[in-house]
Structures are given as C-alpha cells and as structure tokens.
Amino acid sequence: MSGTLNKVMLIGHLGDEVKMHYFDGGNCIGRFPIATNESYTNRQTGEKVTNTEWHNIVVRNKAAEVCEKYLKKGDLIYIEGRLKTRQWQGEDGNTRYTTEVHVTDFTFLSGRSDSNPQGMGASASQPTQSAQTAPTQVTSETPEEEDDLPF
C-alpha cells in the first residue's frame, strides 16, 4: 500500500467541560478530554477489571462552539479525527509532548430530555441553529450539497 492513513474513531464520555480558546480573527478551538473503557474478567481471580484510557480532543471554530453549547461532563460522544502530536518546553526546561485527536466529525450520543431531540443532525458549515433544536452531529470537513431528505 503506497498511501498512509491517520484516522481515529472513539466513543467515550466527556471527562470535563469544553474549554474554549479564542484567537484574533474570530477563530477558536475547544479542548476536552474523553474517557474510553475496556473491561475484561481476570481468568485467575475471576475479578472484573476495567481499564480507562484518556484522550485529549481538539475541535475548531463552529464545531467547537456547538460542543461548548451542548456538551457537558459525562456526556457520551462519537468522534472521528486524526492524531496530532505537539511539543513544547515545560517550565522546568524539559521538552514535553502531548498527542491530541483533531476532530473532523462527531455525533452526540447522550439523549437530552429538554431541547435536544435525538437524530437531529447539522453540519458545521450550516447557519446557527435556533435555540429550540440542538444539533447532534457536526462535520468539520468540507461542506456537502444539502438534500431534501428528512433524515
């Protein structure tokens, strides 16, 4: 295979609220951790073991604003994106590294009893939704042509 692929798909729970960072020119990013769990039964002791893995999530611009508005700690979310590693100098002078998932698409999986009906979808390139309908899916990729299908 001559090509390469950098794609991540995760389903997990938010570990904290979305933290927003705004830049000159109107751009912004949102950052939040999600937790994924793996459970198995230890064959020797019969004890159920759960391992939790934490992932640093980065969402940009309109998608970040949607996440900030509709997500809260503990919500379940499906995320697609790509891995990106950053490095910086720590206060102690040592080089630090972190690996992040830069989101290209996501879907809210937690139901809302108030104004977020399950199944409502929206694209990050569409105009802002009214306060009565909350989008549950946002795509950060290039916009596609809208169709008239109700689903």
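The values are calculated or read from the model by the stated rules, or taken from the named source; none is laboratory data. Just so it is clear, the structure is predicted and the values come from calculations on it, not from any experiment. Backbone-built Cβ (ideal geometry, glycine too); neighbour counts: all protein chains shown.
Structure notes:
- First in the range 99-117 and of a type in the set (S, T, N, Q), second anywhere and part of a loop (DSSP other than H, G, I, E, B) and at pLDDT 95 or above, Cβ under 6 Å, 6 or more apart: 110/75
- A count restricted to the range 83-109 and to residues that are over 16 Å from residue 29 (Cα atoms) and touching a helix residue (DSSP H, G or I) at 6+ places or on another chain (Cβ under 9 Å) stands at 1.
- Hits in the range 1-45 - residues which are among the hydrophobic types (A, V, I, L, M, F, W, C) and more than 16 Å from the chain's Cα centre (by Cα): 1, 5, 23
- Residue within the range 30-51 that is closer than 21 Å to residue 100 by Cβ, touching a Cys at 6+ places or on another chain (Cβ under 6 Å) and among the hydrophobic types (A, V, I, L, M, F, W, C) present: no
- Qualifying positions in the range 29-57 - closer than 18 Å to residue 78 by Cα and among the basic types (Lys, Arg): 31
- Exactly one residue out of 53, 100, 146, 91 is at pLDDT 50 or above, out of contact with any Pro (no Cβ under 9 Å at 6 or more places or on another chain) and surrounded by 14 or more Cβ atoms within 10 Å (Cβ to Cβ): that is 100.
- Boolean, residue 61 is in contact (Cβ under 8 Å) with a residue 60 or more places away in the chain, out of contact with any Pro (no Cβ under 6 Å at 6 or more places or on another chain), on the phi > 0 side of the Ramachandran plot and of a type outside the set (Ser, Thr, Tyr): yes
- Residue within the range 24-33 that is of a type in the set (Gly, Ala, Ser) and more than 29 Å from residue 111 (Cβ to Cβ) present: yes
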